[in-house]
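Enquirer: Here's a structure for you.
What follows is calculated from the coordinates using simple rules that are stated; it is not laboratory data. Everything quoted here is computed from the prediction, not taken from an experiment. No Cβ is skipped: glycine too gets one built from the backbone with ideal geometry, and neighbour counts run over all protein chains shown.
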Amino acid sequence: MILGVNIDHVATLRQARRGIEPDPVMAATLAILGGADGITVHLREDRRHIQDRDLKMLKEFVPVELNLEMAATKEMIGIASKIKPDMVTLVPEKRQELTTEGGLDVKSQKTNIQGAIKKIQNARIPVSLFINPDTDDVEISAEIKADMVEIHTGMYANAKGKKKGIELNRVIKAVKSALNAGLLVNAGHGLNYFNVSKIASIQGLRGLYIGHSIVSRAVLVGMERAVREMKELISRG
Ligand code: PXP
């Protein structure tokens, strides 16, 4: 099973100062050294973290699968067709949200999403749809000829007590129906070091896409070394 590492929050940290560090391109290189099978970035309409420059450089430097998450808009389809990432994941996008909140509304947005899929596939880029763990949404995704789906695991990740099992079963059922429909199937959102195992053991999954928990852990496990290096420079005067 592949691991796609989402590095958006490295760029979030950089944008806090509007400076040049930490550079998501360097983060991608280190993630790949650590075993990442893919790098994911979400180019948002408001450019709150990843910038156009990052995407261009990542396309040049990333030797593994580059997955571009984006909204199904004219602007983003134009950018994807020009840059040609290895795959595009279509996600819903709201300006006010802190992160992608739910899966695509493939029922009411069917025509728009179908049109976007065709245009992106015409540029020879495979398309994945980020959808809720819902069998109707899986069927619509297959009908509108997506290559892949990514099943939203956020509800499972946030559930507590009895609800956790219910949400896990929804994910398992959605994965099964997507496999039966002939789709490649991924999963992601809200996965962390505590909850990933149950999702990773679902048969047939192609890959997992994980961001926040990996970037959060990187900040913590790297702190001691970062301080030690600064102390050394200070003590040398
Ligand atoms: N998959 C999709 C479609 C996403 O939008 C995100 C968040 O950008 C992720 C996976 C990763 O989620 P998290 O940062 O919670 O691991």
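Enquirer: For a 28 Å ceiling on Cα separation, which of these pairs sit above it: LYS56/LYS94; LYS56/LYS110; LYS107/LYS163; LYS82/LYS145; LYS84/LYS198; LYS56/LYS198?
Expert: LYS56/LYS110; LYS84/LYS198; LYS56/LYS198
Enquirer: Given the rule -39500 (n - 2.57) for each run of at least 4 DSSP H residues, summed and divided by the residues of the chain, what is its mean residue ellipticity at 222 nm, to the nearest 500 deg cm²/dmol?
Expert: Mean residue ellipticity at 222 nm (helix-derived): -14500 deg cm²/dmol.
Enquirer: For a protection proxy built on the mean count of beta-carbon atoms within 10 angstrom, sort 5-11, 54-60, 29-35 highest first, please.
Expert: My ranking of the peptides, most packed first, is 5-11, 54-60, 29-35.
Enquirer: Rounded to two decimals, what is the ratio between the C-alpha radius of gyration of the range 1-151 and 2.2 N^0.38 Å?
Expert: Ratio of Cα Rg to 2.2 N^0.38 Å: 1.02.
Enquirer: Oh, and also: Restricting to DSSP loop positions (anything but H, G, I, E, B) with no more than 14 other Cβ atoms inside 10 Å of their own Cβ, which trypsin sites (Lys or Arg not before Pro) remain in the range 1-51?
Expert: Here the sparse-neighbourhood loop sites are ARG17, ARG18, ARG47, ARG48.
Enquirer: So for the chain: antiparallel DSSP bridges make up what percent, rounded to the nearest 5?
Expert: 0 percent
Enquirer: Let me ask something additional. Using R₀ = 25 Å, calculate the FRET efficiency as 1/(1 + (r/R₀)^6) where r is the Cβ-Cβ separation of GLU65 and GLU224; round to 0.05.
Expert: Once rounded, the FRET efficiency stands at 0.20.
Enquirer: When all alpha-carbon pairs of the range 166-237 are counted, what percent fall beyond 15 Å?
Expert: Of the Cα pairs, 65 percent sit more than 15 Å apart.
Enquirer: Next question, about the same structure. Under a GNM of the chain (C-alpha, springs under 10 Å), which listed residue has the highest mean-square fluctuation: LEU179, LEU68, LEU104?
Expert: LEU179
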